[in-house]
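Colleague: Just passing along the structure, written as structure tokens.
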Amino acid sequence: MENDQPDTGLVNDIRGKILGGFKLYVLEHGQIPPSVYKFAEILNIPETEFYEHFTSFGALRSALWVESFDRTLVNLYDQEIYGEYSAREKLLAFFFTWIEELKKDRSYLLVLYDQSHPTSKLPPSEVSQCRERFKEFAKSILMGGKESEEIAKRPFISYRYDEGLWLQVWFIFRFWIKDSSTSFEKTDVAIEKSVHLAFDLMGKNSLDSMIDFAKFLYQNK
């Protein structure tokens with residue numbers, strides 16, 4: 001009996017050809033292709049072949065964001081010492097590893113995410129899937145931080161920490177895009193300072209101590 005299942009290797013090759021071809025087009029023309037039809041013609045594939053993998057250029061750009069994030073996690077988990085890190089150190093490691101991954105596509109990213117654009121401060125729709133991936137990753141860091149008491153458990157606030165960290169992701173990306181310092185040294189500093197600030201805010205501080213003391217006094221009056 002013949003195997004009528006699609007050749008996954010061929011499927012992945014075509015998908016990779018589309019992704020690579022899109023980045024190359026953006027780099028060479030400074031913009032996205034005018035249409036899927038024209039783009040498919042350049043790649044010498046049927047237009048229907050494109051739609052078997054992506055519904056639009058937006059979906060394609062979304063896939064590139066997700067792939068960059070997934071490669072970051074692979075590289076992160078390959079570091080044997082990662083599992084021994086504190087929650088704060090894990091987030092720092094993520095950002096440094098992620099930026100190294102983004103550097104491979106900096107020219108492409110500069111074309112699409114020029115900081116002079118009036119809406120560049122807002123995350124574009126194509127990063128929404130990456131946002132959900134990151135938030136799942138952040139929740140595991142936050143859970144470990146709460147267990148180790150690096151992160152304080154605060155009613156009505158703690159469940160929003162992952163969203164706050166996502167905003168930090170976009171801040172770091174925008175900072176890096178416009179960073180012109182040698183070896184992106186300023187981005188490294190921005191990562192360290194922003195992560196330390198985030199954990200200082202999420203950690204137990206004097207306000208928490210005051211609330212705990214007030215609760216104690218109320219319960220024992």
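Colleague: Provide the net charge surrounding Glu49, with neighbours chosen by a C-beta distance below 12 Å and charges set as Lys +1, Arg +1, Asp -1, Glu -1.
Modeller: Computed value for this residue: -2.
Colleague: Still on this structure, please answer the following. Among Phe94, Phe156, Phe137, which one shows the highest mean-square fluctuation when the chain is modelled as a Gaussian network with alpha-carbon springs under 10 Å?
Modeller: Of the options given, Phe156 has the highest mean-square fluctuation.
Colleague: Can you list the DSSP H helices in the chain whose Cα atoms extend at least 27 Å along the helix axis and whose mean Kyte-Doolittle hydropathy is -1.0 or higher? Don't skip to the end; give the middle numbers.
Modeller: Details: long enough: 8-29 (31 Å, 0.26); 57-77 (30 Å, 0.40); 128-147 (28 Å, -0.85).
Span-like helices in the chain: 8-29, 57-77, 128-147.
Colleague: How about the range 122-189: which GluC sites (Glu not before Pro) there are in a DSSP loop, with at most 14 other Cβ atoms within 10 Å of their Cβ? All intermediate terms of the calculation are to be shown ahead of the outcome.
Modeller: On the way: sites: Glu126, Glu132, Glu136, Glu147, Glu149, Glu150, Glu163, Glu185; in loops: Glu149, Glu150.
Listed in order of number, the matching sites are Glu149.
Colleague: So for the chain, averaging the separation of alpha carbon pairs under 8 Å that are six or more residues apart and normalising by length, what relative contact order in percent results? Don't jump to the answer; show the numbers that get you there.
Modeller: Values: 144 pairs, mean separation 42.3, N = 221.
Reported relative contact order: 19 percent.
Colleague: Also: For Lys153, Lys186, what ranking results if the residue with the fewest other Cβ atoms within 10 Å of its Cβ goes first?
Modeller: The fewest-first ordering by Cβ neighbours comes to Lys153, Lys186.
Colleague: Around Lys104, with a cut-off of 13 angstrom between Cβ atoms, what is the net charge of the other residues, counting Lys and Arg +1 and Asp and Glu -1? Write out the running numbers ahead of the final one.
Modeller: Working: positive: Lys23, Arg71, Lys103, Arg106; negative: Glu67, Glu100, Glu101, Asp105.
That works out to 0.
Colleague: Taking only Cα atoms and a 10 Å spring cutoff, compute GNM fluctuations for the chain and point out the largest among Arg133, Arg88, Arg154.
Modeller: Comparing Arg133, Arg88, Arg154 in a Gaussian network model of the chain, the most mobile one is Arg154.
Colleague: Consider the candidate values [x] 13; [y] 26; [z] 38; state which one is percent of Cα pairs over 30 Å apart computed from the structure displayed.
Modeller: [z]
Every read-out reported here was derived from the displayed coordinates using simple, explicitly stated rules and does not represent laboratory data. This one's a predicted model, so the numbers in the text were calculated from it and none came from an experiment. Every residue, glycine as well, gets a Cβ built from its backbone with ideal geometry; the counts of neighbours run over all protein chains shown.
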